[in-house]
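The values are calculated or read from the model by the stated rules, or taken from the named source; none is laboratory data. Not measured: the values here are computed from a predicted model. Please note: Cβ atoms are built from the backbone with ideal geometry, for glycine as well, and neighbour counts cover all protein chains shown.
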Amino acid sequence: MEWLLTNARLVDRAEPVDIAIADGRIARIGPVIPGPAAQRWDLEGQVVLPGLVDPHVHLDKTYLNSGGFFPNRSGTLLEAIHIWRAVKRQRSGADVQSAVRRALRAAIANGVTAMRSHVDTEEPADLETLAAILEVREEFRHAIDLQIVALGFAGTSPVIDRAMADALALGADLVGGAPALTPDPQASLAVIFALAERYGKPIDLHIDETEDPASRTLSALAELTIAAGMQGLVTAGHCCSLAFMHNASAGKVIERVAAAGLHIVTLPSCNLVLMGRGMQPPPRGVTRVKELLAAGVNVCAGSDNVQDLFNPFGSYDPLQTANVTAHTAHLTGTDELRACLEMVTTRAARALGLDANGLREGAPADLLVLDACDAQEAVTAPPPRLATFKNGRLIVRTQTEREWI
């Protein structure tokens, strides 16, 4: 054994257990595990969770508002996009890499062992940014699984379509897009699915990030997913318009989402900021999380934009995201709080196509240790993180000390 963690408290165990780690995997979980170990750590009843998974971020934009730079005066999505297109040309590859390293270190210290980032790929210059991010991905490969989505307004320009194709050839892992923000969402979806078929890639889209209940791109996405036989390989983020539809209409869309096996990513922090500007009272703007869960849909939750033109808030902390999700979606029961935790662990892992077994014997030893002895606090009062393990390797350990005077 490389590690033996003793007296660990797990979410689904009434009593503390020992966790043996060998060859990068969880070798055994039990009340008392005998035998030698290279390193032992008595956790004294502190909580151990599966490694956290952040399924939707934007590393190419992160920390753009550092130092108070946040010129999005309206606070709207469209103004953020407009400013971003001008600002991004001012960033060098070194600037991007510095911000990405900062983001990954913050995420890993918070317990994140896997992440999916959308990266703009609309013009040749964007490919230089993508290449810079891919270099940093290699630097951190031992500590975090980082997937990249080629994000562009597919179907609106041959230049954009070529840039997205080049991004996939360069090393992007998924086809992205925001079809509802294009003049012809159906045409955009057609190009996206064609790229996915050509390069053999899954799909992860920004869908219906609007207050308009007539925006039904999610329903069209579900139908195309079924037609292409891509059930389980397509992810839809935001899906805000679903919350503004009449219940009957929303219910029909949710039925199609479930039938298509779509993964849905709710992004509460950013949508609380961007949605409903000018509306009174301001709506929450997040999708129908509770109804989607009830329909058996795999729902997960992500940070989205962090400290940039779209959102001045965020710290790459999925437990904080789970907390905000619980607040905004009225998920306060014991099982509902457990579901919120799954949205940033096993459910998110499933959306990324990773091992979604959590803390089970034989699973990869991706885990974190919390400075807490009550597992529910992971969502209700996110505690400090003490350590993050990736494939059985201790990546970061945080020492905490409090002195009462």
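When the range 162-187 is filtered for residues that are in a helix (DSSP H, G or I) and out of contact with any Gly (no Cβ under 7 Å at 6 or more places or on another chain), the ones remaining, listed by number, are R162, A165, D166, A167, L168, A169, L170, P179, A180, L181, P185, Q186. Checking A27 against (1) part of a loop (DSSP other than H, G, I, E, B); (2) touching a residue at least 60 places away in the same chain (Cβ under 8 Å), which test does it fail? Looking at each condition in turn, A27 falls short on (1). Comparison of D208, D173 shows that the only residue that is among the acidic types (D, E), crowded, with 17+ Cβ neighbours inside 10 Å, at pLDDT 95 or above and farther than 14 Å from T121 by Cβ is D208. Filter the range 327-374 for residues that are of a type in the set (S, T, Y) and closer than 25 Å to A109 by Cβ; which is surrounded by the most Cβ atoms within 10 Å (Cβ to Cβ)? Looking at residues that are of a type in the set (S, T, Y) and closer than 25 Å to A109 by Cβ, I get T345. Restricting the range 110-126 to residues that are aliphatic (A, V, I, L, M) and crowded, with 20+ Cβ neighbours inside 10 Å leaves a set whose member that is nearest to the chain's Cα centre (by Cα) is M115. Of all residues in the range 258-267, none are farther than 23 Å from I203 by Cβ, out of contact with any strand residue (DSSP E or B) (no Cβ under 6 Å at 6 or more places or on another chain) and hydrophobic (A, V, I, L, M, F, W, C). If you check A378, A372, A326 for being in a helix (DSSP H, G or I), over 19 Å from A236 (Cβ atoms) and assigned by TED's automatic domain parsing to the domain that holds G392, only one passes: A378. Among residues of the range 82-97 that are closer than 12 Å to L130 by Cα and in the same structural domain as E139 (by TED's automatic domain parsing), those with a beta-carbon under 6 Å from a residue that is surrounded by 15 or more Cβ atoms within 10 Å (Cβ to Cβ) and modelled with pLDDT of 90 or more at least six positions away or on a different chain give the pairs G93/A132; V96/T129; V96/A132; Q97/A132; Q97/V136. Of the residues in the range 3-20, not one is surrounded by fewer than 13 Cβ atoms within 10 Å (Cβ to Cβ) and at pLDDT 95 or above.
Kindly indicate whether any position in the range 343-361 is out of contact with any Pro (no Cβ under 8 Å at 6 or more places or on another chain) and assigned to a helix (DSSP H, G or I). Looking through the range 343-361, at least one residue is out of contact with any Pro (no Cβ under 8 Å at 6 or more places or on another chain) and assigned to a helix (DSSP H, G or I). With respect to the conditions (1) touching a helix residue (DSSP H, G or I) at 6+ places or on another chain (Cβ under 8 Å); (2) on the phi > 0 side of the Ramachandran plot, G362 falls short on a single one, namely (1).
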